[in-house]
1. Which peptide among 50-61, 21-32 comes first, and what is the full order, when sorted by highest mean count of other Cβ atoms within 10 Å?
2. Could you point to the label whose value was computed as volume of the Cα convex hull per residue in Å³ for the structure here, given (1) 104; (2) 378; (3) 249?
3. Listed highest first by mean packing, meaning other Cβ atoms within 10 Å per residue, what order do 127-138, 88-99 come in?
Amino acid sequence: MTAKYRFLIDECLWPNLVQQAAQRSHWDTTCVRDRGLSGMKDHELIRYAVDHDYTLVTHNAADFRGPLGGPLGGHHAHQPLHAGLVCLNSVAPMTPLRQQRLFAVAMDEAEKLPDLVNKALEVFEDDAGNVTVCVYDIPRPL
């Protein structure tokens with residue numbers, strides 16, 4: 001059986017990603033805007049996601065996972081238990097169409113896993129349009 005997720009779409013992404021998730025039966029997906037959380041500080045948003053068991057979907061990867069290639073020091077790294085982090089990244093502008101495509105890749109990968117508890121799933125599109133996916137523990141086990 002395919003895992004079902006409760007995605008929380010960050011305000012830096014297109015709110016219609018909610019409908020894209022619902023089309024794949026992730027019914028409890030919502031977005032920051034629709035929850036009235038626009039403008040919320042990142043450390044408050046992660047607390048909301050954790051408290052409500054949401055997997056956060058964002059383009060603002062560095063704040064939530066830490067700097068690329070650096071130590072895991074973002075907001076998710078400080079949460080002992082969370083429902084996961086999905087980061088959509090591209091060197092090209094994050095147009096709604098690109099967001100939809102990268103989110104579809106992320107959902108394809110997430111649906112193969114039993115869950116994303118204490119994991120990050122990153123989708124990255126390079127300048128040639130090639131997409132790579134990386135899944136890792138966050139925070140890292142001691």
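Only the coordinates and a few stated rules stand behind these numbers; no lab work does. Since the model is a prediction, treat every value here as computed from it, not as a measurement. Cβ: placed from backbone, ideal geometry, glycine included. Neighbour counts: every protein chain shown.
1. 50-61, 21-32
2. Derived directly from the coordinates: (1).
3. Details: 127-138: 12.1, 88-99: 14.7.
Put in order of decreasing packing, that is 88-99, 127-138.
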